[in-house]
Amino acid sequence: MIKEKTRKAILKALSGYFNKDITDFSEQAIGGGDINEAYKLTTPDKAFFIKLNSASRFPGMFEKETRGLRLLQEPGVIRVPAVILHEEENDESFLILEYIKSSGKGPDFWENFGKSLAELHQNTADYCGLDHDNYIGSLHQYNNKHPDWISFFIEERLEPQLKLARDDGKIDDFFSKMFDNLYKHLEKIFPKEPSALLHGDLWNGNFMIDDRGEACIIDPAVYYGHREMDLGMSKLFGGFSSEFYAAYDEAYPLEKDWKKRTDICNLYPLMVHVNLFGGGYAASVRNIIKRF
């Protein structure tokens, strides 16, 4: 349930945004995961989606998410929830988005989704990274700009997660040495491609089916990088339909053997899971490196 102080702050923020006096709303809890509380808010005029979390635990999280959602929305090729506003009240942050009613898959859902992601990835930059850091789950994600993918992948993706895992005692020195050996081969593993605008956390829990039966992507960890990172992530935890990948490849042909590289791409999200959850994820990482 939303705290009374936070309710007042939300009403004040909505009233200011719409330049009209909004005095009440009803709330319906929606599963928000480990980081956020999530609700459907219904005012007399309109419904909204809201996420709340701790400003001290996750400083700037919703400001970064707002920037990421707007970056993904800008090309106009795939649906992204519109941001209404984000604010902090005492220790509580909130992000208000348009409320999108979910439905079943429309005709050619997976084909359209694959094509839309391919179109998103054709928005490119001459660097890897972003002009600001953000979050991957509840962890800090570093986006310092690099002129090439390999140095970015090592220094901004893998090394920060390895350091965090070492400092927490979740991995040993031998584990780190395996990564050092892998780094020597990355130039031969990854094909050179333009740096693409990425969702950054594209697993099957981070898209929804909207009221038109089409894909709407949510909860991004945006940056410019190798497009196979999004495709690799999409294959974790169940994967997407084969029609999705076929449509993507037709719209924006992938380099040879891209499926073999998905495990290397997924070293990053798997190391994130090592740091968040430990357990068997470290074994999965070790097995991937041994294969390569």
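The values are calculated or read from the model by the stated rules, or taken from the named source; none is laboratory data. Because the structure is a prediction, the values reported are computed rather than measured. Glycine also receives a Cβ, built like all others from the backbone with ideal geometry; neighbour counts cover every protein chain displayed.
Residue by residue, here is whether (1) over 19 Å from ILE136 (Cα atoms); (2) not polar (S, T, N, Q) holds:
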{"site": "LYS51", "(1), (2)": "no, yes"}
{"site": "SER54", "(1), (2)": "no, no"}
{"site": "GLU65", "(1), (2)": "no, yes"}
{"site": "LEU85", "(1), (2)": "yes, yes"}
{"site": "LEU95", "(1), (2)": "no, yes"}
{"site": "PHE109", "(1), (2)": "yes, yes"}
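Let me confirm something: among ARG57, ARG67, which residue is of a type outside the set (Phe, Trp, Tyr) and in contact with a His (Cβ under 9 Å, 6 or more places away or on another chain)?
The match here is ARG67.
Going by what's in this entry, would GLY68 be described as more than 21 Å from the chain's Cα centre (by Cα) and touching a residue at least 60 places away in the same chain (Cβ under 8 Å)?
Numbers: more than 21 Å from the chain's Cα centre (by Cα): no; touching a residue at least 60 places away in the same chain (Cβ under 8 Å): yes.
In short, no.
Please verify whether the stretch 66-83 includes one or more residues that are in a strand (DSSP E or B), modelled with pLDDT of 95 or more and not hydroxyl-bearing (Ser, Thr, Tyr).
Yes, the stretch 66-83 contains a residue that is in a strand (DSSP E or B), modelled with pLDDT of 95 or more and not hydroxyl-bearing (Ser, Thr, Tyr).
When only residues in the stretch 276-292 that are over 11 Å from ASP263 (Cα atoms), touching a residue at least 40 places away in the same chain (Cβ under 8 Å) and of a type in the set (A, V, I, L, M, F, W, C) count, which is surrounded by the fewest Cβ atoms within 10 Å (Cβ to Cβ)?
Within the stretch 276-292, the match that is surrounded by the fewest Cβ atoms within 10 Å (Cβ to Cβ) is LEU276.
Considering each of ARG261, ARG227 in turn, give the residue that is of a type in the set (Lys, Arg) and under 19 Å from ASN134 (Cα atoms). Walk me through it before giving the result.
Details: ARG261 fails: under 19 Å from ASN134 (Cα atoms).
Result: ARG227 is the single residue among ARG261, ARG227 that is of a type in the set (Lys, Arg) and under 19 Å from ASN134 (Cα atoms).
For the stretch 133-192, which fully contained helices (runs of 4 or more DSSP H) count at least 2 residues that are of a type in the set (Asp, Glu) and without any contact (Cβ under 8 Å) to a residue 40 or more places away in the chain?
Counting at least 2 such residues, we get 159-167, 173-183.
Does the stretch 148-157 include one or more residues that are more than 27 Å from ILE35 (Cβ to Cβ) and among the aromatic types (Phe, Trp, Tyr)?
Checked against the condition, which is being more than 27 Å from ILE35 (Cβ to Cβ) and among the aromatic types (Phe, Trp, Tyr), the stretch 148-157 yields at least one hit.
In the stretch 163-204, how many residues are hydroxyl-bearing (Ser, Thr, Tyr) and closer than 28 Å to ASP219 by Cβ?
The total comes to 1.
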